[in-house]
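For reference, the structure is listed below as structure tokens.
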Amino acid sequence: MFKNILQDIVEESDGYSAVLMGYDGLAVAQYDRPFEAGDLNPFAVEYAHVLKEMKDTLAILNTGEIEEVTVRTERFQVLIRALTDDYFVILTMACNGNCGKGRYLLSRELFRLREELR
């Protein structure tokens, strides 16, 4: 079921990839559209490491839990949405993609993804 939800997010956002991942860096499910940049899984693993560090830092600072992180690079937009204390979803889009639509779709599917994790 995860793959269907991730596929919906990628196709509706015109994104490249969506990954449901644990803070340990292990992917639970992934959907990728073929494109010239190839496999984005190594990026997802690295973002998991960075996100884990951010999560630990925020716990020390007592500022609350991470809800959403956006990273824009020359080639990509990476939208990260926390699902639970253990899992998050990453949506990778083109640098000129519609970030607002990606954020909306991640928020819209949050409940379904959380339900599937139970």
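So here's what we get for this one:
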| item | result |
| --- | --- |
| In order through the range 75-86: 3J(HN,Hα) via Karplus (6.51 cos²θ - 1.76 cosθ + 1.60), integer Hz, x for Gly, Pro | 10, 9, 10, 10, 9, 10, 10, 5, 10, 9, 5, 10 |
| Mean separation of Cα contacts under 8 Å (6+ apart) over length of the chain, as relative contact order % | 29 |
| GNM result for the chain, Cα springs below 10 Å: residue of ILE80, ILE90, ILE60 fluctuating most strongly | ILE60 |
| Least to most buried among SER13, SER107 (fewest other Cβ within 10 Å first) | SER107, SER13 |
| ALA94 long-range amide H proximity, modeled H, under 5 Å | TYR16, GLN77 |
| Potential lengthening between VAL50 and ASN62 on full extension [0.36 nm per residue; Cα-Cα distance subtracted] | 2.5 nm |
| Net charge of neighbours whose Cβ lies under 13 Å from the Cβ of GLU11, counting Lys and Arg as +1 and Asp and Glu as -1 | -2 |
| Residue order, fewest to most surrounding Cβ atoms within 10 angstrom, among ARG75, ARG118, ARG33 | ARG118, ARG75, ARG33 |
| Proxy reagent accessibility, fewest Cβ within 10 Å first, across TYR16, TYR87 | TYR87, TYR16 |
| Over the chain: helical MRE at 222 nm, DSSP H runs n ≥ 4 each giving -39500 (n - 2.57), nearest 500 | -15000 deg cm²/dmol |
| Potential lengthening between ALA27 and ARG114 on full extension [0.36 nm per residue; Cα-Cα distance subtracted] | 29.8 nm |
| Using θ = phi - 60° and Karplus 6.51 cos²θ - 1.76 cosθ + 1.60, couplings along the range 18-26 (whole Hz; Gly, Pro as x) | 9, 10, 8, 9, x, 5, 7, x, 8 |
| In nm, spacing of pseudo-spin labels at GLU12 and VAL71 (7 Å Cα→C-beta vector) | 2.5 |
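Taken together, the values in this text are just the output of simple stated rules run on the coordinates, not laboratory data. None of these values were measured; they are calculated from a predicted model. A quick note on method: Cβ atoms are made from the backbone with ideal geometry, for glycine too, and the neighbour counts reach across all protein chains shown.
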